[in-house]
Amino acid sequence: MEITRIVITGGPCAGKSEAMPLIKETFSQKGYTVLFIPETATELIPGGVCPWTCGTNLDYQKIQCKLQKTKEDLFDEAAKTMKQDKFLIVCDRGMLDNRSYMTQAEFEQVMEHLDMTEAQMNARYDAVFHLVTTAKGLEDFYSLENNVARYETAEQAAALDDRLIQAWSNHPNHFIIENYLDIHQKMDVLLHRIAEFLKVEL
């Protein structure tokens with residue numbers, strides 16, 4: 001059984017929602033069983049579990065990281081029960097995304113809470129694909145409307161994008177997908193980067 005796990009990440013309003021169905025369609029046609037792990041924040045925040053409702057941001061981050069790790073582990077378990085032999089597990093954000101919302105001291109406490117190191121978090125994923133937020137250079141396209149968990153201004157989104165890039169900077173397979181005026185061109189670049197990593201032809 002071959003299981004490849006990738007992360008699709010990026011700043012707010014970067015195109016992740018548009019990317020997911022395209023990834024499924026494209027790589028299903030290449031023989032992969034494609035499984036998606038939903039973004040954890042968009043599950044917790046609409047349910048009332050937020051950084052601003054929990055006791056502290058650290059309290060929230062411990063909860064979010066624990067849930068994210070649990071979901072990823074369960075998806076691996078589920079894949080191993082299936083009859084197919086080639087899986088692409090797509091994580092809508094990975095564990096190190098959460099580092100962008102914490103101080104270094106908070107991140108160290110989260111790692112201790114999970115009994116994990118940064119290297120172990122990185123090693124959970126075979127590759128990371130970062131979609132740059134439209135708040136960098138395409139501000140007219142930046143919107144809060146398509147994600148109930150999004151609250152950042154364009155300036156905050158650009159700064160968060162930088163922190164996300166830094167959070168994943170130690171991953172050996174970290175690919176950054178820049179903005180294009182045509183979102184279809186950006187998606188095409190993403191799909192080709194994934195295909196190159198998987199060593200399949202589109």
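The values are calculated or read from the model by the stated rules, or taken from the named source; none is laboratory data. Worth saying up front: this structure is predicted, and the values here are computed from it rather than measured. With ideal geometry, Cβ positions are generated from the backbone for all residues, glycine too; neighbour counts draw on all protein chains shown.
What to note about this one:
- Every test in (1) in contact with a strand residue (DSSP E or B) (Cβ under 6 Å, 6 or more places away or on another chain); (2) at positive phi; (3) free of Cβ contacts under 8 Å to residues at least 12 places away in the same chain is passed by S28 save one, and that test is (2).
- Residues that are modelled with pLDDT under 95, among the small types (G, A, S) and in a helix (DSSP H, G or I) do occur in the stretch 4-18, at least one of them.
- One residue alone among D188, D182, D161 is at pLDDT 85 or above, among the acidic types (D, E) and touching a Ser or Thr at 6+ places or on another chain (Cβ under 8 Å), and that residue is D161.
- Any helices (runs of 4 or more DSSP H) falling wholly within the stretch 70-170 and containing at least 1 residues that are more than 23 Å from P51 (Cβ to Cβ): 118-123
- Scanning the stretch 21-42 for residues that are of a type outside the set (K, R), surrounded by 13 or more Cβ atoms within 10 Å (Cβ to Cβ) and over 22 Å from S100 (Cβ atoms) yields L22, I23, T26, F27, Y32, T33, V34, L35.
- Among the residues making up the stretch 119-140, those that are within 16 Å of the chain's Cα centre (by Cα) and at pLDDT 95 or above are M121, N122, A123, R124, Y125, D126, A127, V128, F129, H130, L131, V132.
- Members of the stretch 51-69 that are in a loop (DSSP other than H, G, I, E, B), closer than 20 Å to M111 by Cα and of a type outside the set (S, T, Y): P51, C54, G55
- In the stretch 92-115, the residues that are of a type in the set (S, T, N, Q) and crowded, with 19+ Cβ neighbours inside 10 Å: N98, S100
- Pairs, first within 18 Å of T9 (Cα to Cα) in the stretch 38-57, second outside any helix (DSSP H, G or I) and basic (K, R), C-beta under 6 Å, six or more apart: E39/R93
- If the condition is being more than 19 Å from N179 (Cβ to Cβ) and of a type in the set (G, A, S), then the stretch 11-36 contributes S28, G31.
- Residue in the stretch 43-50 that is assigned to a helix (DSSP H, G or I), crowded, with 16+ Cβ neighbours inside 10 Å and not aromatic (F, W, Y) present: yes
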